[in-house]
1. In the range 222-237, how many are within 19 Å of residue 206 (Cβ to Cβ) and either aromatic (Phe, Trp, Tyr) or touching a His at 6+ places or on another chain (Cβ under 9 Å) (or both)?
2. Filter the range 334-364 down to residues that are hydrophobic (A, V, I, L, M, F, W, C) and not in a helix (DSSP H, G or I) and give me whichever is farthest from residue 90 (Cα to Cα).
3. Suppose we filter the range 278-288 for residues that are touching a Leu at 6+ places or on another chain (Cβ under 8 Å) and either surrounded by 21 or more Cβ atoms within 10 Å (Cβ to Cβ) or of a type in the set (S, T, N, Q) (or both); how many remain?
4. Those residues that are without any contact (Cβ under 8 Å) to a residue 24 or more places away in the chain and part of a helix (DSSP H, G or I), I need them from the range 123-154; list them, please.
5. Looking at the range 175-248, what helices (runs of 4 or more DSSP H) fall wholly within it and have at least 2 residues that are exposed (fewer than 12 other Cβ atoms within 10 Å of the Cβ)?
6. Does residue 184 qualify as being touching a strand residue (DSSP E or B) at 6+ places or on another chain (Cβ under 9 Å) and among the aliphatic types (A, V, I, L, M)?
7. Name the residue that is least open to solvent (accessible area, probe 1.4 Å), counting only residues in the range 15-58 that are of a type in the set (Asp, Glu) and at pLDDT 95 or above.
8. Quick one: would you say residue 63 is out of contact with any Gly (no Cβ under 8 Å at 6 or more places or on another chain), in a loop (DSSP other than H, G, I, E, B) and either free of Cβ contacts under 8 Å to residues at least 60 places away in the same chain or among the aromatic types (Phe, Trp, Tyr) (or both)?
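The values are calculated or read from the model by the stated rules, or taken from the named source; none is laboratory data. Everything numeric here is computed off the predicted structure, so don't read it as measured data. Because the Cβ atoms are built from the backbone with ideal geometry, glycine has one as well, and the counts that use them run over all protein chains shown. Please note that ligands, DNA and RNA were not included when accessible areas were found on the heavy atoms of the full protein model with its side chains. Shrake-Rupley method; radii C 1.70, N 1.55, O 1.52, S 1.80 Å.
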Amino acid sequence: MNSSTIIGLIITFCFVILGLIFPKSKKIFYIEIIWTWILLALNYAGVDYKVHTNIYESASLSGLSITNSWLYILICYLAKTLNITFYFLNMLINTVGLFLINRVIDKSTEKKAYAGAFLLIYPLVESIIQKRFFIASCFAVYGLFFMLKKENKYKIKSLICLLIAGSLHQAAFAYLIFWLLLQIDYKKMRKIIYIFLIGAFCSIPIIPKIAGYIFPSGKVQLYFYDLKVSIDNAGCWMILHFMFFILISLFVKKVKNNNEKDNSYEIEIYKLNMISLLLIPLYYYEPTFIRIYRGLLVFNYILIANKESKLTKNRFYFTALWLLYLIIVYLLIYVITGSGFDSVVEPEFANNYFIKFLAGLLGV
């Protein structure tokens, strides 16, 4: 492990600890956001960086369609026309994305630094790597935030944000399913979600055909055939997602909230998790689909931050349980399985101008 990676990980770890110790500190929360911006915006190489630069370099006005991330391609084309390099474009995009995430957290919980600390554990690395989906998920989160308010005046604003998200990355159109199902009453949702889930599992054989009507054939071939994982691999990802659902269910059911407005917001977040179960059958083909649920984790962290302050007993137990699971997820994805820490995580810290600058100052 090189010195830049060690420095980056140590700083990240320190901010996680500070966020958990001083959960209501606005200063620490803003430092967490700034550090996240540094990691995302000042990254200049690593996994998928070349893929994104290729999209930027090949962007043109020909062939734009609703199924090929037309808005992102248009932004890249305009940036090229204005002689804005991909590096600076990425910086601007991440600034917008983190502004939206900051707004959602800031308006949803007093324990901002607490929620920010969890984001620094997971999915920070994926946010650095998947640059196009990151900005798409930020718009999706911002749009769903309006839906969670359960006020009709926000529905159109929410829908517009989700359409923008899908236009930045076609996979983000999946969030429209959440937009539709969130309008179902919680009691009805509890009764029908498992029927929907059974139907989703039964439809596994025809999912590629359905996707073929929505997405380009090349994408369908890649994600449903070329990259198809083994049954064991798929089962692990299904369990990983389901465990997230079990843990968030514990917080919702074990920790009571007497504030009706706050309770309503948290129930809506729980509904998001219930709807997300419909994604699980997709892991039969490829774990990449977990990116859709991963984009929603910020809401889980907000819920946990709000619930944690209301725990009268076993506070440490519940918080430690969630923290431990995030660490396990991190180790499973980036260390024990997958492509490995050296090829996935290390390049994202090693190829960062600010961390390189710090390493130079420290002489390491």
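1. Of the residues in that region, 3 qualify.
2. The initial filter retains those residues of the range 334-364 that are hydrophobic (A, V, I, L, M, F, W, C), namely 335-336, 341, 344-345, 349-350, 354-355, 357-359, 361-362, 364.
Next cut, not in a helix (DSSP H, G or I) only: 345, 364.
On the way: 345: 19, 364: 28 Å.
Per the criteria, the residue is 364.
3. 2
4. Kept after step one, since they are without any contact (Cβ under 8 Å) to a residue 24 or more places away in the chain, are these residues of the range 123-154: 146, 151-154.
Result: 146, 152, 153, 154.
5. Numbers: elements: 175-181, 186-202, 207-212, 217-221.
The helices (runs of 4 or more DSSP H) meeting that bar are 186-202, 207-212, 217-221.
6. Details: touching a strand residue (DSSP E or B) at 6+ places or on another chain (Cβ under 9 Å): no; among the aliphatic types (A, V, I, L, M): yes.
So residue 184 does not fit the description; no.
7. Just the residues of the range 15-58 that are of a type in the set (Asp, Glu), to begin with: 32, 48, 57.
Right, trim to at pLDDT 95 or above and you get 32, 57.
Working: 32: 3, 57: 108 Å².
Looking at residues that are of a type in the set (Asp, Glu) and at pLDDT 95 or above, I get 32.
8. Working: out of contact with any Gly (no Cβ under 8 Å at 6 or more places or on another chain): yes; in a loop (DSSP other than H, G, I, E, B): yes; either free of Cβ contacts under 8 Å to residues at least 60 places away in the same chain or among the aromatic types (Phe, Trp, Tyr) (or both): yes.
Yes, satisfied.
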